[in-house]
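Written below as structure tokens is the structure these notes are about.
Since every read-out is calculated from the coordinates, none of them should be taken as a lab result. All values derive from a computational prediction rather than experimental measurement. When we count neighbours, we look across all protein chains shown, and the Cβ atoms used for this are built from the backbone with ideal geometry, even at glycine.
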Amino acid sequence: MNTNHPIWHDPIVAEIHATRDRLANQYQNDLVAYSKAAETHCRMLGFNVIEQDKHLRHTHVSNIIEYASI
């Protein structure tokens, strides 16, 4: 890595990282708990939440794993 350049600070990226850290702490790094809370919040806002077929989800993950192992 070239260390001759000053470190670039983007306030938007910093805000995203701070939000990620705050949510991780709030939900004790439990992605399932966070996902359920996010889904509940979206439903309260009137969004339609569509469940994905488990077979399709499995196929998608399998394709990612297969692609990553190439």
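Given 0.36 nm per residue, what is the gain on full extension from ARG43 to ASP10 after removing their alpha carbon distance, in nm?
8.7 nm
Please list 22-30, 7-15 highest first by mean number of surrounding beta-carbon atoms within 10 Å per residue. Spell out each step's value before the answer.
Details: 22-30: 11.6, 7-15: 7.9.
The densest-packed peptide leads the list: 22-30, 7-15.
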